[in-house]
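Only the coordinates and a few stated rules stand behind these numbers; no lab work does. Computed from a predicted structure; not experimentally measured. Note that each Cβ is placed from the backbone with ideal geometry, even for glycine, and that neighbours are counted across all protein chains shown.
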Amino acid sequence: MRVRVRGDAGQAFPIYITVVGGLLFLALAYFAVGQAAATRSEAQTAADAAALAAALETRDRLTDEWITHVLEPESWQDIFEGETPVPNGCWRARDLAARNDASVKCEPDGPLGYTVVAETNDSVGDTIVPGTENRKATQAATAVIEARCWFEPLAQDVDDDALPSLSCKGGEDWELNPDDLADLPKPDDLFDVHLADS
């Protein structure tokens, strides 16, 4: 007598299809999350770069002011503290963001800083998550300018034409000679520009 063996292949097939479908759905979901993370990263990069660009523009203008008034040490402190009026650097933020395929809102953050909110021009794109096709990423960044140098006002009995020496971070000192101003500090000698800690 022959014994008939019944296979379970017919019962396993629906389970197999369900598992494969679930794995495919998870893969697509992870892809959607990855797309969103990449778009957020692009927005953050654009915000960081734009904020730094605005701050660097202001740093350069402050340096120009210092060089223009180098023979007037009574004005130095206002320049180092950002109290001297200089053109707003937000135009540089907008220009750089446009080249990075983003748009920005830029505002001065005190006399020596800028806060930028960047939004990507491209959306996350079509994914299995509803609503992502029109969703854009938005991120913010703040860049600040800090004076790297300081000086001691000259004593009353010192020659009126003498200039104070600048002491700067890193141990660099600048002895300024009013009769020879060929070698003056550069913008990155006078000011440090960096992103603020969030």
Item to check | Efficiency of FRET from Cβ geometry, Arg99 and His69, R₀ 41 Å, rounded to 0.05 | outcome: 0.75
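Tell me, in nm to one decimal, what length is gained between Arg40 and Glu119 on full extension, where the rule is 0.36 nm per residue of separation less the Cα-Cα distance?
Working: separation 79, 0.36 × 79 = 28.44 nm, distance 0.90 nm.
Roughly 27.5 nm would be gained on extension.
Say R0 is 41 Å: what FRET efficiency, to the nearest 0.05, do Glu107 and Asp173 get from their beta-carbon distance?
Numbers: r = 36 Å, r/R0 = 0.88.
So, using R0 = 41 Å, E works out to roughly 0.70.
Note down the net charge around Arg59, summing +1 for each Lys or Arg and -1 for each Asp or Glu among other residues with Cβ under 9 Å from its Cβ.
Here the count lands on -3.
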Checklist entry - In what sequence do Thr84, Thr58, Thr18 fall when counting other Cβ within 10 Å, fewest first? => result Thr18, Thr84, Thr58
Checklist entry - For Val144, Val116, Val193, what's the fewest-to-most ordering of other Cβ within 10 Å of each Cβ? => result Val144, Val193, Val116
Next on the checklist: Taking the beta-carbon count within 10 Å as an exposure proxy, list Glu81, Glu57 from fewest neighbours to most.
Outcome noted: Glu81, Glu57
Item to check | Length gained when the stretch Gln77-Leu154 is fully extended (0.36 nm per residue, less Cα-Cα span) | outcome: 26.4 nm
